[in-house]
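**Student:** I am attaching a structure below and will ask some questions about it afterwards.
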């Protein structure tokens, strides 16, 4: 039985991005019941335990529904977060993919009606010549 999915080797750690950024596509989001944190699974099978900073970044970029994060490409880089007044090295995410715009709202969350199609005044006779 392949036990690799149960080990920590699949989780991306600060040392994995110490020498440079890494791009990844989010393939799945699940909740780690033990730590009550989301785990991001990428298309290469690696995972990242998403801290509050990363979750906030992804919400700002792609919305509160984790289903909207699926298929999005992110940049993973070495950064710093603070926990219990102690600064710690962390793997942070930066959005690369543009957010989906299902509501035609430009990412604002406001409903915008599409512009109505304007028919040409002369119908089929309009060949573009004014005379």
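Readers should treat all values here as calculations from the given coordinates under stated rules, not as data from a laboratory. What you are looking at is a predicted structure, and each value in this text was computed from that prediction instead of being measured. FYI the Cβ positions are ideal-geometry reconstructions off the backbone, even for glycines, and counts take in every protein chain you see.
**Student:** Order by neighbour count: 52, 37, fewest other Cβ atoms within 10 Å first, most last.
**Tutor:** 52, 37
**Student:** Can you sort 62, 83, 77 by how many other beta carbons sit within 10 Å, fewest first?
**Tutor:** 83, 77, 62
**Student:** Still on this structure: How much of the calculated P(r) for the range 4-99 lies past 24 Å, in percent of all Cα pairs?
**Tutor:** When every Cα pair of the range 4-99 is considered, 15 percent fall beyond 24 Å.
**Student:** Could you work out how much longer the chain between residue 18 and residue 80 gets when fully extended? Use 0.36 nm per residue separation minus the Cα distance between them, nm to one decimal.
**Tutor:** Full extension from residue 18 to residue 80 adds 21.1 nm.
**Student:** Order these by the 10 Å Cβ neighbour count, fewest first: 41, 81.
**Tutor:** In increasing order of surrounding Cβ atoms, one gets 81, 41.
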